[in-house]
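K.L.:
Starting off with a structure, shown below.
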Amino acid sequence: MRSAYQDVVEEVKNLKGIEEAVALAIEREKEARDFYLSKAALMEDPKFKELYEYLADEEAGHITYLEVYRDTKQLPVISTKTKSGQSFTPEFNVTQTKQYIMLHMYDQQTTFPPEFDTIRTTSGEAKLGDAGIHIAAMRHERKSEDFYSELAKRVGDDTQKNFFEMLARYERSHYEVLDSYLDYITGFRMQT
């Protein structure tokens, strides 16, 4: 059985050029944006609704970056300001974001049930529920990071390499935010 990473490596290897890579990246970012928006609409907890709406906005920004790059072959000018005006680099700092989540988004009175809702969403026979939605989002972000990292390894142009490395870092940051939420809710984090 092949890993998700091996699948990404094979997929990138089979791309016929930078134009195809960027087109595929735009398609994937649109899928991610739509996924986050649809899941935000299902969330009863306002914190999760806010999280998925935020990630949908982030993916929309990535679409813009990719479209600008596709159309101009230039790195887009990227804002490092969030809606709240707090500055992060790039997009947001993972450590600051984790601290913000822990200190500001959840007050001391906020509690979560020991189990997530298991009937929220179904996919075939498997029921995703809130935890499944969250894990699917994490998986998407990890695969996106791998995709952009592999593209960065395979392009010869430094501008393209920097662009794809930047997108990989953004996806890593998104994964870390999702992981922080999961850590907070479950109270479990494997130490390695």
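K.L.:
Identify all residues within the stretch 147-164 that are of a type in the set (Lys, Arg) and either without any contact (Cβ under 8 Å) to a residue 40 or more places away in the chain or over 14 Å from Glu20 (Cβ atoms) (or both); write none if there are none.
P.N.:
Matches in the stretch 147-164: Lys153, Lys161.
K.L.:
State which residue pairs qualify: first residue outside any helix (DSSP H, G or I) and inside the stretch 2-17, second residue surrounded by 15 or more Cβ atoms within 10 Å (Cβ to Cβ) in any location, beta carbons under 9 Å apart, and separation of 6 or more residues or different chains.
P.N.:
Leu15/Ala21; Leu15/Leu24; Leu15/Leu151; Leu15/Arg154
K.L.:
One residue is enough: does the stretch 34-43 have a residue meeting the conditions crowded, with 18+ Cβ neighbours inside 10 Å, modelled with pLDDT under 90 and in a loop (DSSP other than H, G, I, E, B)?
P.N.:
Looking through the stretch 34-43, at least one residue is crowded, with 18+ Cβ neighbours inside 10 Å, modelled with pLDDT under 90 and in a loop (DSSP other than H, G, I, E, B).
K.L.:
Would you pick out the residues in the stretch 53-98 that are in a helix (DSSP H, G or I), farther than 18 Å from His140 by Cα and at pLDDT 65 or above?
P.N.:
Those that are in a helix (DSSP H, G or I), farther than 18 Å from His140 by Cα and at pLDDT 65 or above: Thr64, Tyr65, Glu67, Val68, Tyr69, Arg70, Asp71, Thr72.
The values are calculated or read from the model by the stated rules, or taken from the named source; none is laboratory data. It should be emphasised that the depicted structure is a prediction, and the values quoted were computed from it without experimental measurement. When we count neighbours, we look across all protein chains shown, and the Cβ atoms used for this are built from the backbone with ideal geometry, even at glycine.
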